[in-house]
1. Keeping to region 132-175, report how many residues are part of a strand (DSSP E or B) and without any contact (Cβ under 8 Å) to a residue 60 or more places away in the chain.
2. Which of the residues that make up region 37-79 are out of contact with any helix residue (DSSP H, G or I) (no Cβ under 6 Å at 6 or more places or on another chain), away from ligand 2 (no atom under 16 Å from the Cβ) and closer than 23 Å to Asn101 by Cβ?
3. Let me spell it out: the conditions are (1) within 16 Å of ligand 3 (Cβ to nearest atom); (2) assigned to a helix (DSSP H, G or I), and Asn87 meets all of them except one. Which number is the exception?
4. Are there any pairs with C-beta distances below 6 angstrom linking a residue in region 83-106 that is over 16 Å from Ile52 (Cα atoms) to a residue that is in a helix (DSSP H, G or I), with the two at least 6 apart or on different chains, and if so which?
5. Report whether or not Ser168 is among the hydroxyl-bearing types (Ser, Thr, Tyr) and out of contact with any strand residue (DSSP E or B) (no Cβ under 7 Å at 6 or more places or on another chain).
6. Find all pairs meeting these conditions: Cβ atoms under 7 angstrom apart; at least six residues apart or on different chains; first residue within region 178-207 and closer than 12 Å to Val148 by Cα; second residue in a loop (DSSP other than H, G, I, E, B) and away from ligand 1 (no atom under 15 Å from the Cβ).
7. Condition first: of a type in the set (Val, Ile, Thr), farther than 21 Å from Lys112 by Cβ and touching an Asp or Glu at 6+ places or on another chain (Cβ under 8 Å). Now tell me which residues in region 231-275 satisfy that.
8. Identify, please: which residue in region 210-236 is part of a loop (DSSP other than H, G, I, E, B), surrounded by fewer than 16 Cβ atoms within 10 Å (Cβ to Cβ) and without any contact (Cβ under 8 Å) to a residue 40 or more places away in the chain and is, among those, nearest to ligand 2 (Cβ to nearest atom)?
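The values are calculated or read from the model by the stated rules, or taken from the named source; none is laboratory data. Model, not experiment: these values are computed from the prediction. Cβ: placed from backbone, ideal geometry, glycine included. Neighbour counts: every protein chain shown.
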Amino acid sequence: MNNAIQQSNVIRFNLDRPHELERGLRQAIANNFDGFSLHYQPQINLQIKSIIGAEALLRWSYKNESIPPSEFIPIAENAGLIVELGNWVLREACKRAFHWNATNLFNQLAFKISVNVSVLQLTDHFPKYVSETLLETRLSPDFLNIEVTESLQISNQQIIGILHILKSLGVSLSIDDFGTGFSCLSMLKNMPFDVIKIDKSFVDGLDQGCESSLSLIEAIVYLSRKHGMSTLAEGVESQNQCEMLTATGCDAVQGYYFSRALPVDEFERFMNTGV
Ligand code: C2E
Ligand code: CA
Ligand code: CA
């Protein structure tokens, strides 16, 4: 009997969790984005063997628990909160990138920031918001990259039109998680993407001796280059993966082998001292 009550409480708790998190998200946003922060993961160019930028990844600390983005981003999307939250991410990341570039903190000519954008943010208002944010934060569009996850929606003509307007602002565009969704490379040639992010699942295959992962990566690298796009492999965790990717001609990588996504102060320390 006690067990049954406990069980039903657990179920009720789990069923209530998305609602509880939605309430928490609303409160946090209303409370000046309290509990949100950005972590930064370095992106490394394999040819010049140096860090060329970082991806900003959103973190949310709620009631002393770190809620993973894979859990709260879909809730924010379903609750109509993603535009407000995404706008905050973009502004914070641009501010940070301006500071890093203006102070030349990392001793390099250009440091690019990549920001994840939900397809739900890609409305007609978005390019204007991006352009205003660049002006307000004084970040040059050359230093901003926008990552959009591969999905069926991005082949929609209206979304493609918005991507073209973004491109005309001077920012670059990446297609994220490439290979997991519905796109094929021939379709991408009509889209204004600059970078193809090869999904971690292909990179994992390299360490498992999976021949098809290697040949798929080689094909993606070859065709991307032919269509004037570069490639970045995600989720690189070993030296072996890194060497194999270099051999395929892949342009850039990111992953735990180099560093996890780090809070600002740790990221700055990592950039300056390598630890
Ligand atoms: P993503 O954009 O594909 O980001 C890569 C995810 O893989 C990140 O997880 C990163 O921490 C993790 N990762 C990086 N390198 C490695 C590795 O070597 N091994 C493993 N196992 N994982 C690695 P995270 O930060 O939990 O983010 C998950 C997803 O949440 C992101 O996937 C992105 O789709 C979404 N996300 C994060 N921040 C934002 C944001 O500001 N806006 C939107 N719309 N989505 C976001
Ligand atoms: Ca991403
Ligand atoms: Ca990804």
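1. Number of matching residues: 6.
2. Within region 37-79, Ser37, Asn45, Gln47, Ile48, Lys49, Ser50, Ile51 qualify.
3. Going through the list (1) within 16 Å of ligand 3 (Cβ to nearest atom); (2) assigned to a helix (DSSP H, G or I), Asn87 breaks only (1).
4. Pairs found: Val83/Gln121; Glu84/Ile29; Leu85/Ala76; Gly86/Gln121; Leu90/Thr133; Arg91/Thr133; Lys95/Thr137.
5. Values: among the hydroxyl-bearing types (Ser, Thr, Tyr): yes; out of contact with any strand residue (DSSP E or B) (no Cβ under 7 Å at 6 or more places or on another chain): yes.
Yes: the conditions hold for Ser168.
6. Once the first residue is closer than 12 Å to Val148 by Cα and sits in region 178-207, its partners that are in a loop (DSSP other than H, G, I, E, B) and away from ligand 1 (no atom under 15 Å from the Cβ) give Phe193/Met229; Asp194/Met229; Val195/Met229; Ile196/Met229.
7. Correct list: Thr248 only.
8. Gly228
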